[in-house]
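Report on the structure given below.
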Amino acid sequence: MSAEPTSESAAPPPRKITMEPAPGPVRVEFAGTALAESDRALILREEGLPPAFYIPEDDIHWQAMAESDRQPYCPYKGTARYWNVRVDDRQAENAVWAYPQAIDSVAAIRDCVSFYWSRVDGWYLNGERLTEQTF
């Protein structure tokens with residue numbers, strides 16, 4: 001008698017993921033502070049999820065961030081690391097994530113981080129304010 005595969009051992013269903021360079025400079029703001037400013041961001045589009053900007057680590061203003069204990073596994077990207085954001089008396093928990101050892105199919109995001117749309121105050125592309133719904 002063979003054992004049924006568990007959800008942990010079964011391969012995930014295929015999911016379409018595409019990446020492309022952002023068509024201009026990207027800026028992320030929280031509490032009046034720029035958390036990231038980059039003209040080298042990638043846009044990752046993953047089936048079933050909103051688009052995500054992945055911004056090179058060198059273009060992140062790390063002084064507002066503290067690493068979190070959260071490290072979930074994604075079968076499409078690998079194990080994530082998370083950071084909390086704090087500026088003055090405002091905080092956003094687990095607002096920033098990265099895949100430092102991303103699987104090969106998304107290797108381009110290994111040295112990049114991303115931010116949850118709803119946990120920061122503003123996203124800008126080419127100086128124009130974006131929302132998750134309009135992008």
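Restricting attention to the range 64-83, report how many residues are surrounded by 15 or more Cβ atoms within 10 Å (Cβ to Cβ) and not in a loop (DSSP other than H, G, I, E, B). Explain how you work it out, then say what you get.
Taking the range 64-83 and keeping what is surrounded by 15 or more Cβ atoms within 10 Å (Cβ to Cβ), we get 64-65, 68, 74, 76-78, 80-83.
Of the ones still in play, those that are also not in a loop (DSSP other than H, G, I, E, B) are 64-65, 74, 78, 81-83.
Qualifying residue count, the range 64-83: 7.
Flag: N126 does not match the condition of being in contact with a strand residue (DSSP E or B) (Cβ under 6 Å, 6 or more places away or on another chain), in contact (Cβ under 8 Å) with a residue 24 or more places away in the chain and at positive phi.
V120 - would you say it is out of contact with any Lys or Arg (no Cβ under 6 Å at 6 or more places or on another chain) and over 17 Å from I17 (Cα atoms)? Yes. In the range 84-103, the residue that is farthest from the chain's Cα centre (by Cα) out of those that are outside any strand (DSSP E or B) and either of a type in the set (S, T, N, Q) or crowded, with 18+ Cβ neighbours inside 10 Å (or both) is Q101. Of all the residues that make up the range 24-63, how many are surrounded by fewer than 16 Cβ atoms within 10 Å (Cβ to Cβ) and acidic (D, E)? Adding up the residues that qualify gives 4.
Every read-out reported here was derived from the displayed coordinates using simple, explicitly stated rules and does not represent laboratory data. Predicted model, so just to flag it, every value in this text is computed and none were measured. We place every Cβ from the backbone using ideal geometry, glycine too, and count neighbours over all the protein chains shown.
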